[in-house]
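Step one of this worksheet: look at the structure below.
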Amino acid sequence: MSHPAAENPDLHILGTGLYSNVCNWQLIVTPERIEIAPTAVPWRSILIYNGIFLLFFGGWGFLVARYGDLGLPVTALAIAAVFYLFTGGLFTGWIVWTFRQALDAGPWLIIDRAERTIQLPREGVTAPLSQVDHLQAISTTRYGSNAWLSQGDILSELNLVMRDGDAQRRYPLLRSIFDGAFDKLAAQIAEFDLVPVKRIRGNSERICETWLTTDPSA
């Protein structure tokens, strides 16, 4: 179903918090519950990227030392080493900090199949599944974004929409700078048919919403 973007502020991303290019979540499924939880620090990927940095700066240092005009070859190699240590150290520190922060904060969402409840540990919320309106994987612009910039301003969120009497409240779970970042995760959760799941895609002009589970209003 397609809608004019300007008339539907609730179909845009919330646009708050930090949007990341790091995928640090995983879906954990057991007979008792379904959980969106942080992943462990990806040491293997960190080593691979540091190896790439080493090859790049080492190769640059070698070429400059051999063919450059810096005087002593050791100067070029020292400069390359400084750049490598700075880049590798900054990258490694940022990745480790990001993942450990997420691990310390705990899961974003827990669905208890036996108790028929949903928990948002980071928000301190526990509610029956009947109180969930839907889970949404949304990739749009911020409400009111300039149409000329909309294609470069699309961000993604995974939000849980809860009913509170006649009102609704959106809880942001995950954020990403990538378009469609949570579509696969939402589709996996939809397969269990425990809560309604919706995918929302669009820009500042048009927004399309698609139910991945049965439309509860149908």
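Some notes on this structure:
- The alpha carbons of the chain occupy a box of 76, 45, 26 Å along the principal axes, longest dimension given first.
- The angle between the Cα long axis of helix 43-67 and the longest principal axis of the Cα atoms of the chain comes to about 30 degrees, rounded to the nearest 10.
- Gaussian network model of the chain, springs between alpha carbon atoms under 10 Å - residue of 139, 156, 45 with greatest fluctuation: 45
- Choice from 195, 132, 29 showing the highest fluctuation, given a GNM over the chain with Cα pairs closer than 10 Å: 29
- The chain: angle of helix 73-105 to the longest principal axis, Cα-based, in degrees nearest 10: 20
- Ranked 110, 46, criterion: other C-beta atoms within 10 Å, fewest first: 46, 110
- Residues of the stretch 74-118 with amide N under 17 Å of the 7 Å Cα→Cβ point at residue 46: 85-105
Coordinate-derived values only; no laboratory data. This is a predicted model, so every value here is computed, not measured. No Cβ is skipped: glycine too gets one built from the backbone with ideal geometry, and neighbour counts run over all protein chains shown.
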